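Inspection log for the structure reproduced underneath, given as structure tokens.
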Amino acid sequence: MLILLNFIVVYFINEILSKINAYNCNSLFAYFFINSLIGIPLLGLVFGSALLVGILIIVINIAGLLAAFKIKNTKIAGILLIGCGVALFLVVHLFAIPGLVLFVIAGILALREKNTTLKKI
């Protein structure tokens, strides 16, 4: 639908250029039409990948919350928190360094934690 709409807009631009006797308006029409066919999927690819990265960031943070608050074994929780930090860094790269540091610190603290709960007899 979007390609058809773009075709109609480019067609009307071509008609306007032909009315004012613009030089070589057919080649301009071909250029804009081919550019619209290539540009729209590339724009969709950029927006789609940004949306996918955003969803992955949300999933990784939810996994970190579950690892921190729902898993009772601190060793497993620590390993999962460090894994969440590494996964966040792999998804976002440079901007995920603060998140990576915080997840790794939380994971190390969870790994060093000793269960001091006393069993009731």
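Values in this text are rule-based calculations from the coordinates and carry no lab data. Just so you know, these numbers come straight off a predicted model, no measurement behind them. Virtual Cβ from ideal backbone geometry, glycine too; neighbours counted across all protein chains shown.
In terms of the mean number of neighbouring beta-carbon atoms within 10 Å, the peptides 85-92, 67-74, 97-104 order highest first as 85-92, 97-104, 67-74.
Relative protection proxy for 106-112, 46-52, from highest mean packing down: 106-112, 46-52 (other beta-carbon atoms within 10 angstrom).
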